[in-house]
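Below is a structure I'd like to ask you about.
The values are calculated or read from the model by the stated rules, or taken from the named source; none is laboratory data. Predicted model, so just to flag it, every value in this text is computed and none were measured. Using ideal geometry, Cβ is built from the backbone for each residue, glycine included, and neighbour counts are taken over all protein chains shown. Just the protein is used for accessible areas: all its heavy atoms, side chains included, with ligands, DNA and RNA removed. Shrake-Rupley method; radii C 1.70, N 1.55, O 1.52, S 1.80 Å.
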Amino acid sequence: MSLNYIKNFYEGCLKPPTVIGQFHTLFFGSVRMFFLGVLGFAVYGNEALHFSCDPDKREINLFCYNQFRPITPQVFWALQLVIVLVPGAIFHLYAACKSINQECILQKPIYTVIYILSVLLRISLEVIAFWLQIHLFGFQVKALYLCDATSLGKKMTIIRCMVPEHFEKTIFLIAMYTFTVITMVLCIGEVFEIIFRRLCFVRQ
């Protein structure tokens, strides 16, 4: 019986009840994760090693890099992907435990409402992540970063640091913003598809 629950949960996650939801799963699971996993590591993998300041001392480089990156982009985007998946995963786990097939989700009002709420929660999490990304990383990575080193007790309060491959990072930032917007648009489209199909079902 437990294997059947796992099978239903797995199928529900991979094949949502809507066409747009299935496209979202394909886009989210394939394109977005591949882009982050492969290209994200290539762009940001050795950033801390190549981040250098003047004077070029290890402790100063580490201090200024931690100030420049309170959280690394790879970690932030990985957390975003996991957190955004949670609402859908919880719903499909509930559906698997209750033996609810995908067709029943759009036929019974209570299941439809719960599913719409999970999609709306997913949209809300994407919006929050979008705002946090703007707050943490902005829209452009500049070649020069001015580090406030007052707390180090040095004579120099402002230290100039060079950010490696800043142009590539700017392109990657824009791409991740674009992916977030596309995901939100797909989620909104999925809500409208659910409402439309629900109305068609009621009229039959």
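Residues checked against (1) of a type in the set (Phe, Trp, Tyr); (2) under 18 Å from Thr18 (Cβ atoms); (3) in contact with a strand residue (DSSP E or B) (Cβ under 8 Å, 6 or more places away or on another chain):
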position	(1), (2), (3)
Cys53	no, no, yes
Lys57	no, no, no
Asn61	no, no, yes
Asn66	no, no, no
Trp77	yes, no, no
Val84	no, yes, no
Ala95	no, yes, no
Cys104	no, yes, no
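Now a separate question. Inspect all residues belonging to the range 170-177 and state whether any of them is without any contact (Cβ under 8 Å) to a residue 12 or more places away in the chain and out of contact with any Leu (no Cβ under 6 Å at 6 or more places or on another chain).
yes
Please work out if Arg197 is among the basic types (Lys, Arg), open to solvent by 70 Å² or more (accessible area, probe 1.4 Å) and part of a helix (DSSP H, G or I).
Yes; evaluated as a whole, the condition is true for this residue.
Of all the residues that make up the range 45-59, how many are in a helix (DSSP H, G or I) and either at pLDDT 85 or above or surrounded by fewer than 15 Cβ atoms within 10 Å (Cβ to Cβ) (or both)?
4
Looking at the range 159-196, which of its residues are at negative phi and acidic (Asp, Glu)?
Glu168, Glu190, Glu193
Could you check how many residues of the range 24-37 are open to solvent by 20 Å² or more (accessible area, probe 1.4 Å) and either charged (D, E, K, R) or more than 17 Å from Val82 (Cα to Cα) (or both)?
0
Against the condition of a type in the set (Gly, Ala, Ser) and either in contact with a His (Cβ under 9 Å, 6 or more places away or on another chain) or over 28 Å from Val84 (Cβ atoms) (or both), how does Gly153 come out, does it pass?
Here the answer is yes, as Gly153 does meet what is asked.
Filter the range 126-142 for residues that are touching a residue at least 60 places away in the same chain (Cβ under 8 Å) and over 11 Å from the mean Cα position of the chain (by Cα) and give the result.
Leu136, Phe137
Going by the conditions given, is Val185 surrounded by fewer than 16 Cβ atoms within 10 Å (Cβ to Cβ) and modelled with pLDDT under 90?
Judged against the criteria, Val185 is not a match.
Could you check the range 19-39 and list, in sequence order, the residues that are among the aliphatic types (A, V, I, L, M) and within 17 Å of Ala89 (Cβ to Cβ)?
Those that are among the aliphatic types (A, V, I, L, M) and within 17 Å of Ala89 (Cβ to Cβ): Leu26, Met33.
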